[in-house]
Amino acid sequence: MNEKENIIVRTPVTDDATLMSLKAGDVFYITGTIVTARDAVHERVIVEGMKLPIDLKGLAIFHAGPVMVREKDVWKCVSIGPTTSRRMEYFEYEFIERTGVKIIIGKGGMEPKTAEACKKYKAVYAIFPGGCGVLGASAVRRVAGVEWLDLGVPEALWILEVEKFGPLIVTIDTYGNNLADEIVNNAMRKRESIVQEALRRFSEK
């Protein structure tokens with residue numbers, strides 16, 4: 001197995017060099033703290049201007065709505081999979097800027113504004129495979145806490161201690177390289193060649 005596929009990033013990230021060594025397409029895992037933060041959390045912070053109850057500096061956030069069960073006074077994570085990250089695109093630049101978060105995890109691609117923030121603030125956006133919620137939960141060693149539970153279980157801030165959480169695929173790196181853009185550009189190039197070939201064949205008839 002490629003050595004790059006065994007990268008473990010520990011959070012909180014205290015050294016930009018750690019993330020700057022990752023390139024779009026690389027696979028890595030997280031050991032440390034991950035905090036779930038999706039639509040409602042972003043809206044509270046950016047639109048309503050509410051102060052976060054925890055410090056996200058150097059941490060990873062996960063665009064996810066976990067399935068949690070409470071056994072006496074202890075919460076346990078049953079399943080945790082990603083939600084579509086593009087819904088947070090409008091907020092993500094400012095969220096990264098305000099909070100100092102270093103790793104954003106979700107599903108699907110994000111757009112140029114998030115890529116710009118990743119480049120400026122040395123953060124990365126990574127995708128976690130969809131449909132692997134049980135795999136994600138298996139890496140959760142402890143639910144360290146929960147904030148803003150009034151938003152409901154899926155939207156709350158769940159503070160998770162994880163060990164080798166992943167695999168995570170870097171989709172936007174600290175240099176602003178965006179795999180989503182590359183995929184779209186490649187598709188457009190292929191589309192153009194297909195159109196040209198069709199026109200050529202048509203003209204030969």
Count - residues of the stretch 76-129 that are closer than 24 Å to Ala144 by Cβ and among the small types (Gly, Ala, Ser): 7
First in the stretch 87-100 and more than 17 Å from Gly49 (Cβ to Cβ) and without any contact (Cβ under 8 Å) to a residue 60 or more places away in the chain, second anywhere and open to solvent by less than 20 Å² (accessible area, probe 1.4 Å) and among the hydroxyl-bearing types (Ser, Thr, Tyr), Cβ under 8 Å, 6 or more apart: Glu89/Thr114
The stretch 149-176 residues that are under 14 Å from Val9 (Cα atoms), paired with ones that are part of a loop (DSSP other than H, G, I, E, B) and of a type in the set (Phe, Trp, Tyr) (beta carbon under 6 Å, 6 or more apart): Leu168/Phe128
The stretch 156-182 - residue that is more than 12 Å from Gly109 (Cβ to Cβ), more than 15 Å from the chain's Cα centre (by Cα) and charged (D, E, K, R) and, of those, surrounded by the most Cβ atoms within 10 Å (Cβ to Cβ): Glu161
The stretch 117-130, residues that are crowded, with 16+ Cβ neighbours inside 10 Å and more than 16 Å from Thr83 (Cα to Cα): Ala117, Cys118, Lys119, Tyr121, Lys122, Ala123, Val124
Evaluation of Ile8 against (1) farther than 15 Å from Leu160 by Cβ; (2) assigned to a strand (DSSP E or B); (3) open to solvent by less than 40 Å² (accessible area, probe 1.4 Å); (4) among the β-branched types (Val, Ile, Thr) (one fails), failing number: (3)
Criterion (crowded, with 21+ Cβ neighbours inside 10 Å, in contact with a His (Cβ under 7 Å, 6 or more places away or on another chain) and modelled with pLDDT under 95) met by exactly one of Gly106, Gly136: Gly106
Residue satisfying all of: in the stretch 18-67; within 25 Å of Arg141 (Cα to Cα), of a type in the set (Gly, Ala, Ser) and under 15 Å from the mean Cα position of the chain (by Cα); surrounded by the most Cβ atoms within 10 Å (Cβ to Cβ) among these: Ala37
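The values are calculated or read from the model by the stated rules, or taken from the named source; none is laboratory data. As the structure is a computational prediction, the values presented were derived from the model and not from experiment. Ideal geometry is used to build each Cβ from the backbone, glycine not excepted, and the neighbour counts take in all protein chains shown. The area values use the complete protein model at the heavy-atom level, side chains included, leaving out ligands, DNA and RNA. Shrake-Rupley method; radii C 1.70, N 1.55, O 1.52, S 1.80 Å.
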